[in-house]
Amino acid sequence: MNKLIYKILFLIKWKKKIFPVIIQDYNKNKILMLSWINKWNLIESFFFKKTCYWSRSRNKNWRKGEISINIQIIKKIFFDCDIDSYLFYIKYKLNNCHYNLISCYNYNL
């Protein structure tokens, strides 16, 4: 494993249980959804290049596309300056939203 990855994993504030992650379309830059990850989800997502999240309602890991075919392939991972929120650029097969839409962000005020 690359030394940079070790440094990043060392710097992450693991005392915080879950972290927000913004999911964005790799090709169109459209924000698709917001989800949550824990340290194991982050490591799994990084190594397997498929998104793995933490379900707050079910209190367990969930892999996007595990039950459906709506998989998300990670192209790039970014993090903020204090490494406590993340941005995944993804390519996806089908819709990302619970309401069978491409994005969860379809409404404005």
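So how many residues does the range 21-40 have that are closer than 17 Å to Glu66 by Cα, surrounded by fewer than 19 Cβ atoms within 10 Å (Cβ to Cβ) and polar (S, T, N, Q)?
Qualifying residue count, the range 21-40: 0.
Scan the range 33-47 residue by residue and report those that are assigned to a helix (DSSP H, G or I) and either hydroxyl-bearing (Ser, Thr, Tyr) or farther than 24 Å from Tyr99 by Cβ (or both).
Scanning the range 33-47 gives Lys39, Trp40, Leu42, Ile43, Glu44, Ser45, Phe46, Phe47.
Could you check how many residues of the range 17-42 are without any contact (Cβ under 8 Å) to a residue 40 or more places away in the chain and within 11 Å of the chain's Cα centre (by Cα)?
4
Do we have Ile43 as at pLDDT below 90, surrounded by 14 or more Cβ atoms within 10 Å (Cβ to Cβ) and either more than 25 Å from Lys93 (Cβ to Cβ) or of a type in the set (Ser, Thr, Tyr) (or both) here?
no
Working only within the range 48-61, note down all residues that are closer than 15 Å to His98 by Cβ, out of contact with any helix residue (DSSP H, G or I) (no Cβ under 9 Å at 6 or more places or on another chain) and not charged (D, E, K, R).
If the condition is that a residue be closer than 15 Å to His98 by Cβ, out of contact with any helix residue (DSSP H, G or I) (no Cβ under 9 Å at 6 or more places or on another chain) and not charged (D, E, K, R), then Ser55, Ser57 are the ones that fit.
Might you let me know whether the range 3-22 holds any residue that is among the hydrophobic types (A, V, I, L, M, F, W, C) and either under 14 Å from Cys97 (Cα atoms) or modelled with pLDDT of 95 or more (or both)?
Scanning the range 3-22 turns up at least one residue that is among the hydrophobic types (A, V, I, L, M, F, W, C) and either under 14 Å from Cys97 (Cα atoms) or modelled with pLDDT of 95 or more (or both).
Name the single residue, out of those in the range 55-109 being among the small types (Gly, Ala, Ser) and either under 11 Å from the mean Cα position of the chain (by Cα) or assigned to a loop (DSSP other than H, G, I, E, B) (or both), that is surrounded by the fewest Cβ atoms within 10 Å (Cβ to Cβ). Break it down into steps so the answer makes sense when it comes.
Pass one, the range 55-109, residues among the small types (Gly, Ala, Ser): 55, 57, 65, 68, 85, 103.
Of the ones still in play, those that are also either under 11 Å from the mean Cα position of the chain (by Cα) or assigned to a loop (DSSP other than H, G, I, E, B) (or both) are 57, 65, 68, 85, 103.
On the way: Ser57: 6, Gly65: 16, Ser68: 11, Ser85: 15, Ser103: 16.
Only one residue tops the list, namely Ser57.
The values are calculated or read from the model by the stated rules, or taken from the named source; none is laboratory data. Remember, it's a predicted structure, so these values are computed and weren't measured experimentally. Counting neighbours? That spans all protein chains shown, and the Cβs are built from the backbone with ideal geometry, glycine included.
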